[in-house]
Amino acid sequence: MNAQVVSSHRIRSGDRDVTGLGDEFSAALFASFRRSDQRLKARHYLSGLLAAKGRKSIRNIAASVGGPAAEQSLHHFISSSTWDWSPIREALAGHVTQALAPRAWVVRPLFIAKAGGHSVGVERQFAPEHGQVLNGQLAFGAWAATEGTSVPLQWRLHLPESWLGNASMRRRAEIPDSAEAETPDECATAAALTLPDRWGVPRRPVVLDTHVTGLGGVVRPFAEARIPLLIRVTASTRLTVADRAMPGYRAGTLPAGRIMESARGLRRPVGAAPGPVRGTTLAAAVRVRLPRPDSGPELSLIGEWHERGKAPTALWLAAPATAPLGDLVRLTWLARRVAQDEKQIGERVGVRDFEGRSFRGWHRHMTLASVAHAVSVLESGADEPDRPRLCELRPSA
C-alpha cells in the first residue's frame, strides 16, 4: 500500500480514503493509552510507518507527519515513555483473529544485521535465515496466517547471556528484571505459546519455521498445551523409524533424509485444497520417534517434492501424528506465505528499521510496525491480482 498522510487523523492509500479503517484501529488498538496525546502520537507514528520513504527511522517518520518539531516528541514516545506495548498486541491479536480467521500461527525468525554492538541484544550469533553466524539481533515473530495473507502478532527478542549477565549493558538498554536467559528454541516456543496462554486467542496449529536444535525441548511444551505442532527439520536430523512396515525399523537413529528416501514409493499428489489435484507437489509421511531420551509419542515425518527425481524440497515433523497428510502439508505451506509477506509488506513498514538501542524502544517500534502491517493487509485485501496463490510459492529456504 502506497500510503500518504492527509492529516493527523486521516490516512489515504492511493485514491482511496481509509479513514474508517484508521479510526477503527485507533479506537480498538490504542484504547490502552490513558492520554489523548499518546493516542495521537501513536497514530502519527503509524501514519509515518505507512508513508515515510526509505528506512522507517524516527527521523523519516517525523518528516512525513510533522517535520523536525515532531522528531523529538516521537523519539521520546518510542524510546523513553512508559506505555506498555502488551495491551496493543493483545488488541491487535483479537482484531486480526476476528477479521482473518487464521488457520495457524507461524513462528519465523527475524535476524536484523547490525554493524555495531550497541543496540539491545546485538551479538555474533547464528542467523537461521542466512544459515551462518552474523552480527545482529535475533528475534522471533508469531504470525496469524491464512492462505491469502498473514500478520505478525507477537515478537520476542532473543537476549544473549552477554547482555543479561552484564549489569551495565542491561541497565543502559533498559532490559527489565523479569528477562531471563533462554535459548533460541525457548525464545521461539515462548513467542508462540503467548497467544493462547495470555491472550485467549483460538488454539490453532503452530508452524515452527526455524532452525531447532533441541527437538525434545520444543515438542514437549506444545504437547502439554495440547497444541498441534509442525517443525521444520533438515535432512541430517536424526530420528527413529516407528513404522514396522518401513525400512529402517529397529535400525536405531537415522537421518531424516535417508528415512524419506525409503518412502519415495509412498508419495502422492497434494493440492491447494481437497479435491482434484493440479500441479507437481508430491508428499509422503513416515511415523517416527525422537531419539532417546526424548523419544516420547509417535510423530509424523513429512517430505515434500516438486520434482520426482530430486531430493525432498522440505522436511517437517508433525505432532501428533494423527492428522491427514494433505492437511499437514497445506499447513506447512503457510510458512511460505509468511516469508513472502515479511519481505513484501513487513520490510515496507519497517520491521528491520528501528535504530534505537533500548529493549522497550525496540518492542514499541515492532508493535506499531505490526499494526501498520495489519492496516496494509486489511485495507488492501488479501486477494490482490498479482499475488501468487499459496500452492504456487516455492518452499522457503
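The values are calculated or read from the model by the stated rules, or taken from the named source; none is laboratory data. All values reported here derive from a predicted model rather than from experimental measurement. Neighbour counts run over all protein chains shown; Cβ positions are idealised from the backbone, glycine included. Ligands, DNA and RNA are stripped out before the accessible areas are found, and what is left, the full protein with its side chains, is counted by its heavy atoms. Shrake-Rupley method; radii C 1.70, N 1.55, O 1.52, S 1.80 Å.
Rundown of residues vs (1) open to solvent by less than 40 Å² (accessible area, probe 1.4 Å); (2) touching a residue at least 60 places away in the same chain (Cβ under 8 Å); (3) in a loop (DSSP other than H, G, I, E, B), yes/no style:
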| site | (1), (2), (3) |
| --- | --- |
| W143 | yes, yes, no |
| R170 | no, no, no |
| S178 | no, no, yes |
| T210 | yes, yes, yes |
Original post:
In the range 57-79, how many residues are of a type outside the set (A, V, I, L, M) and modelled with pLDDT under 90?
Top reply: 4
**OP:** Scan the range 250-266 for residues that are part of a helix (DSSP H, G or I) and either touching a His at 6+ places or on another chain (Cβ under 8 Å) or not small (G, A, S) (or both) and report the count.
**Re:** 6
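If I filter the range 337-347 for residues that are more than 19 Å from the chain's Cα centre (by Cα) and surrounded by fewer than 19 Cβ atoms within 10 Å (Cβ to Cβ), do I get at least one hit? Show your work before the answer.
First, pick out the residues of the range 337-347 that are more than 19 Å from the chain's Cα centre (by Cα): none.
No, the conditions are met nowhere in the range 337-347.
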Original post:
Pick from G257, G217: which is within 16 Å of L317 (Cβ to Cβ), surrounded by fewer than 16 Cβ atoms within 10 Å (Cβ to Cβ) and not aromatic (F, W, Y)?
Top reply: G217
**OP:** Tell me which of these S162 doesn't satisfy, since it passes every other one: (1) in contact with a strand residue (DSSP E or B) (Cβ under 9 Å, 6 or more places away or on another chain); (2) within 17 Å of A319 (Cα to Cα); (3) part of a helix (DSSP H, G or I).
**Re:** (2)
**OP:** Read through the list (1) within 23 Å of L49 (Cα to Cα); (2) open to solvent by 60 Å² or more (accessible area, probe 1.4 Å), then give the number of the only condition that H118 fails.
**Re:** (1)
